[in-house]
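The values are calculated or read from the model by the stated rules, or taken from the named source; none is laboratory data. Not measured: the values here are computed from a predicted model. Every residue, glycine as well, gets a Cβ built from its backbone with ideal geometry; the counts of neighbours run over all protein chains shown. We work out accessible area using only protein heavy atoms, side chains counted, and drop any ligands, DNA or RNA first. Shrake-Rupley method; radii C 1.70, N 1.55, O 1.52, S 1.80 Å.
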Amino acid sequence: MARKAANRRVGITDVAQRAGVSLASVSRVMNGNFSVDPDIAARVRSAAAELNYQPNAVGRSLALGKTDTIGVVVPDLANPTFQGMLRGVSRAAAQDGYRVLIADSSEVSSEESILAGEARRRCDGVVLCAPRMNEAELEALLPSLRPLVLVNRSTADAETPSLVVDYGQGVQDLAAHLVELGHTTLAFLEGPERSASNQARLQGLEKFRVDNPEIQLTVLSGGSSFEAGHGSVDSVLGTGATGVLAFNDLVAMGLLSGLHERGIDVPRQISITGFDDIPFANYTTPPLTTAAVPINDIGEQAWHEMRRLLGDGGDEPSHTTFQPELRRRGSTGPAARPQ
């Protein structure tokens, strides 16, 4: 019995008795209420320190109606782009005393609404990154997820901040770079069908095709992974393209690897571009030409928008577009002359 008493968890009642104050006073001090008399607050903190009292985080969250945690839902945690975004969110949130709960939908769109709903029930708000669900599903889900910040997706809902990248312009810049090098036959390895950023790339390339009717452009099924790029070698070579636009850097790296295994020289025989400028892009052989996206900045901005939503409101929700920057590296070169 004595051992049980010795191991008993110290509670708020013990602190109140030691400090000679009410339970309500202890609760207010522990919850950061600055209206408590300074002398009483000092006695409570002293008693808590003497008893080595640790507040119950769950109980505190229930009492305050907040968890000091936000949820972030991503489609593929293995993708360094989403890792970079998460890093930006979590570091910025940590500076304000918030933690981040991460959920990965593994590119399964039907899982997104479930994961987002679960995250919202456990967190104070949700950052939904590059959701694959269709527009109708997203619009129907918005009210139940607020406060919500969208990344790589926009919505007509004026209350929901959105942070998007101009993928359409970025892919046009990459295509123009290849044309400047003399390439007239191009191929695009598209990304996941439900990806909004893939649709933006396709729209950008359609505009590029209209503006450059002399350029032959073939769209090929691809994906978003290294494996998808590696497995696309035959379909790419079958087009006769001398310049390839990959959906992202991972796909481009997989394609580079597959071409190297076939003994095909990049860029002397074929030029390859990626998208995102993940940390590894500058260290491939050859280094990868790509469109750089400020993904860490986007993550930080996502937290700033969430903090505003969790606070007193302040300014109107931001709908920000980030412009990619072309990075010319060794994976692109002049088009090979016909033999």
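Tabulated results
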{"item": "Residue within the range 290-303 that is surrounded by fewer than 15 Cβ atoms within 10 Å (Cβ to Cβ) and free of Cβ contacts under 8 Å to residues at least 40 places away in the same chain present", "result": "no"}
{"item": "Residue that is modelled with the lowest pLDDT [pool: residues in the range 319-339 that are open to solvent by less than 40 Å² (accessible area, probe 1.4 Å) and touching a Gly at 6+ places or on another chain (Cβ under 9 Å)]", "result": "ALA335"}
{"item": "Residue in the range 38-46 that is in contact with a strand residue (DSSP E or B) (Cβ under 6 Å, 6 or more places away or on another chain), open to solvent by less than 70 Å² (accessible area, probe 1.4 Å) and at pLDDT 85 or above present", "result": "no"}
{"item": "Some residue of the range 165-185 being free of Cβ contacts under 8 Å to residues at least 12 places away in the same chain, surrounded by fewer than 18 Cβ atoms within 10 Å (Cβ to Cβ) and more than 23 Å from CYS129 (Cα to Cα)", "result": "yes"}
{"item": "Conditions (1) of a type in the set (A, V, I, L, M, F, W, C); (2) surrounded by fewer than 21 Cβ atoms within 10 Å (Cβ to Cβ); (3) over 20 Å from LEU77 (Cβ atoms); number of the one not met by PHE280", "result": "(3)"}
{"item": "Residues satisfying the stated conditions in the range 242-265, i.e. in contact (Cβ under 8 Å) with a residue 40 or more places away in the chain and either under 26 Å from the mean Cα position of the chain (by Cα) or open to solvent by less than 20 Å² (accessible area, probe 1.4 Å) (or both)", "result": "GLY243, VAL244, LEU245, ALA246, PHE247, ASN248, ASP249, LEU250, VAL251, ALA252, LEU255, LEU256"}
{"item": "Which numbered condition ASP96 fails, given (1) touching a residue at least 12 places away in the same chain (Cβ under 8 Å); (2) open to solvent by 40 Å² or more (accessible area, probe 1.4 Å); (3) closer than 21 Å to ASP276 by Cβ", "result": "(3)"}
{"item": "Residue within the range 135-146 that is assigned by TED's automatic domain parsing to the domain that holds ALA302 and assigned to a strand (DSSP E or B) present", "result": "no"}
{"item": "Tally of residues being of a type in the set (A, V, I, L, M) and without any contact (Cβ under 8 Å) to a residue 40 or more places away in the chain across the range 149-164", "result": "2"}
